[in-house]
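Trainee: A single structure is presented below for examination.
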Amino acid sequence: MFRYLVRRFLQMIMVFIATTFIVYSLMYWTGGDPIQALAGEKPVSDLQRAQLVEKYGLDQPFLQRYWNYLSDLLQWPPNFGTTLTGRSINDILSDAWPVTMQLATIAILFTIIFGITAGVIAGIRRGSIFDNSTLVLTLLVIGIPSVVLAPLSQYLFTIQWKIFPTTASGVGGWERWSDPSLWFELLLPGIVLGSLSVATAMRLTRASVSENLRADFVRTARSKGMPGRRVIGIHVLRNSLIPIVTFLGVELGSLMAGAIVTEGVFNVPGVGYQLNRALKTEDTPLVIGIVSVLVIVFLVANLIVDLLYAVLDPRIRYE
């Protein structure tokens with residue numbers, strides 16, 4: 001196990017360096033004029049441009065800028081630098097990250113409670129009315145993009161029926177986690193964000209449960225007189241959870257990275273909202289800082305998923 005963890009950490013470091021290098025290259029080589037984007041339509045004098053170029057090191061060679069960025073990350077706590085407006089990226093992430101984690105938590109819980117539960121029932125009762133109805137419903141959900149589902153849900157549930165607040169408050173940071181009212185205002189955005197995950201999880205769970213119900217070890221357990229609930233709870237569900245756990249681990253990172261549309265529509269001050277603003281203003285340091293954190297989230301989530309394999313299936317061992 002120790003050798004496996006060391007090998008995985010080394011792989012994570014290599015993936016992180018390669019990913020951030022690619023993003024850094026794309027932002028600096030294909031980006032526009034960040035100084036002019038920051039100023040908007042106002043003209044920027046040559047003196048102001050020269051001062052900003054020197055302040056943010058835009059006159060340095062590319063490899064030197066990238067090395068300075070990695071050097072700042074090796075500090076403790078890591079220093080992600082400053083935005084083109086002079087604000088600390090660490091402060092922005094400390095305010096935005098808990099909001100996105102809260103939103104992703106609601107989406108994941110919604111996926112587990114409704115998607116996996118419905119998938120288990122549909123897999124056990126394959127061909128039933130419930131199975132056919134959920135399949136049609138998931139096809140409808142998958143076919144509606146988030147750019148349509150988010151404003152449609154906002155109009156129906158916040159403006160037409162006034163069940164949820166129209167927009168989320170601008171409160172950021174970890175204080176949101178202790179306030180129930182702030183959880184409620186993120187309930188609708190979390191459901192919208194997790195709707196596609198629910199549909200995918202339901203179909204994946206249904207397929208996995210149906211496949212394991214026809215497995216030889218299930219027929220053997222039933223032939224020995226084991227009760228049906230015990231067969232499903234011990235043999236079917238445990239073996240069906242392996243692909244589902246893989247999906248949830250990857251999906252958690254995707255939810256945090258793919259909340260740009262949802263956070264923009266509902267005015268949620270999270271990571272996706274900040275990333276969208278940074279892309280519009282061509283704030284390269286902020287874009288790279290947010291992407292770096294998201295890469296770390298993906299890597300850690302995949303590591304946790306791999307370690308959970310041994311818990312779900314004792315036959316799996318790490319050398």
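The values are calculated or read from the model by the stated rules, or taken from the named source; none is laboratory data. What you see is a predicted model, and the numbers here were worked out from it, not measured in a lab. Positions of Cβ are generated from backbone atoms using ideal geometry, with glycine treated the same way; all protein chains shown enter the neighbour counts.
Trainee: Which condition does residue 187 not pass, out of (1) of a type outside the set (S, T, N, Q); (2) surrounded by fewer than 13 Cβ atoms within 10 Å (Cβ to Cβ); (3) in contact (Cβ under 8 Å) with a residue 12 or more places away in the chain, if it passes all the others?
Mentor: With (1) of a type outside the set (S, T, N, Q); (2) surrounded by fewer than 13 Cβ atoms within 10 Å (Cβ to Cβ); (3) in contact (Cβ under 8 Å) with a residue 12 or more places away in the chain applied to residue 187, the lone miss is (2).
Trainee: If you don't mind, there's one more thing I want to ask. Out of (1) closer than 15 Å to residue 112 by Cβ; (2) surrounded by fewer than 19 Cβ atoms within 10 Å (Cβ to Cβ), the odd one out for residue 198 is which?
Mentor: Result: residue 198 passes all but (2).
Trainee: Inspect all residues belonging to the stretch 187-203 and state whether any of them is outside any helix (DSSP H, G or I) and not hydrophobic (A, V, I, L, M, F, W, C).
Mentor: No.
Residues are listed down the side, and each one gets a yes or a no for (1) within 28 Å of residue 183 (Cα to Cα); (2) assigned to a helix (DSSP H, G or I); (3) modelled with pLDDT of 90 or more:
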residue	(1), (2), (3)
60	no, no, no
66	no, yes, no
85	no, no, no
94	yes, yes, yes
115	yes, yes, yes
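Trainee: For residues that are in a helix (DSSP H, G or I) and of a type in the set (Gly, Ala, Ser), scanning just the stretch 117-142, find the one that is nearest to residue 250 (Cα to Cα).
Mentor: It comes out as 119.
Trainee: Continuing with the same structure: What residue, among those in the stretch 230-268 that are out of contact with any helix residue (DSSP H, G or I) (no Cβ under 7 Å at 6 or more places or on another chain) and more than 27 Å from residue 199 (Cβ to Cβ), is surrounded by the fewest Cβ atoms within 10 Å (Cβ to Cβ)?
Mentor: Restricting to residues being out of contact with any helix residue (DSSP H, G or I) (no Cβ under 7 Å at 6 or more places or on another chain) and more than 27 Å from residue 199 (Cβ to Cβ), the top hit is 230.
Trainee: Is there any pair with a first residue in the stretch 158-170 that is in contact (Cβ under 8 Å) with a residue 60 or more places away in the chain and a second that is acidic (Asp, Glu) whose Cβ atoms are under 6 Å apart and which are 6 or more apart or on different chains, and what are they?
Mentor: Listed pairs, sorted by first residue: 168/185.
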